[in-house]
Amino acid sequence: MEQILGYLGLGLMLGLSGIGSAFGTTIAANAAEGGLRKNKDKSSAYMILSALPATQGLYGFVAFLMMKGLMETNPILLFGLGIGMGIVFLLSAIRQGQTAANGIANIAAGHDVMTNTMIYCALPEFYAILALVAGLMA
């Protein structure tokens, strides 16, 4: 039973981070598609901002690779970490995508907000990094 919970934790960690990144990048990419109609010259800025939420999926993958060894020693801990980290990765990626989408809309409208948007996008990213570091320290 404990091993099943450990595998479930690993699956949730990887799955939720991937789902969050898929949603976050799609939210931002939808805004980028709209932005291209208004201002095609800023497509590189749209692309950079749209890619930012993909990092949470990478964090989930890194955590999966580094934590699968806990299956042998503490699968219950792995279950708890998997749920906690997976939820943080999921929600931070979605919120980061929404932040990036708002920045893309403003850039498309002609405002010079790329730097500010990158800083705002770093805020939800910070919590994903904290979750990753805390999980790896466990």
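The values are calculated or read from the model by the stated rules, or taken from the named source; none is laboratory data. Just so you know, these numbers come straight off a predicted model, no measurement behind them. Here Cβ is always computed from backbone atoms with ideal geometry, including for glycine, and neighbour counts include all displayed protein chains. Please note that ligands, DNA and RNA were not included when accessible areas were found on the heavy atoms of the full protein model with its side chains. Shrake-Rupley method; radii C 1.70, N 1.55, O 1.52, S 1.80 Å.
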Checklist outcome for this item: Okay, helices (runs of 4 or more DSSP H) sitting entirely in the range 1-89 with 3 or more residues that are open to solvent by 40 Å² or more (accessible area, probe 1.4 Å), I get 2-38, 43-51, 54-67
Checklist entry - Quick one: in the range 112-138, which of the residues that are of a type in the set (Phe, Trp, Tyr) and more than 13 Å from GLY86 (Cα to Cα) is surrounded by the most Cβ atoms within 10 Å (Cβ to Cβ)? => result TYR120
Next on the checklist: I need every pair where a residue in the range 113-138 that is of a type in the set (Gly, Ala, Ser) has its Cβ under 9 Å from the Cβ of a residue that is assigned to a loop (DSSP other than H, G, I, E, B), sequence separation at least 6 or different chains.
Outcome noted: ALA122/LEU52; ALA138/ASN74
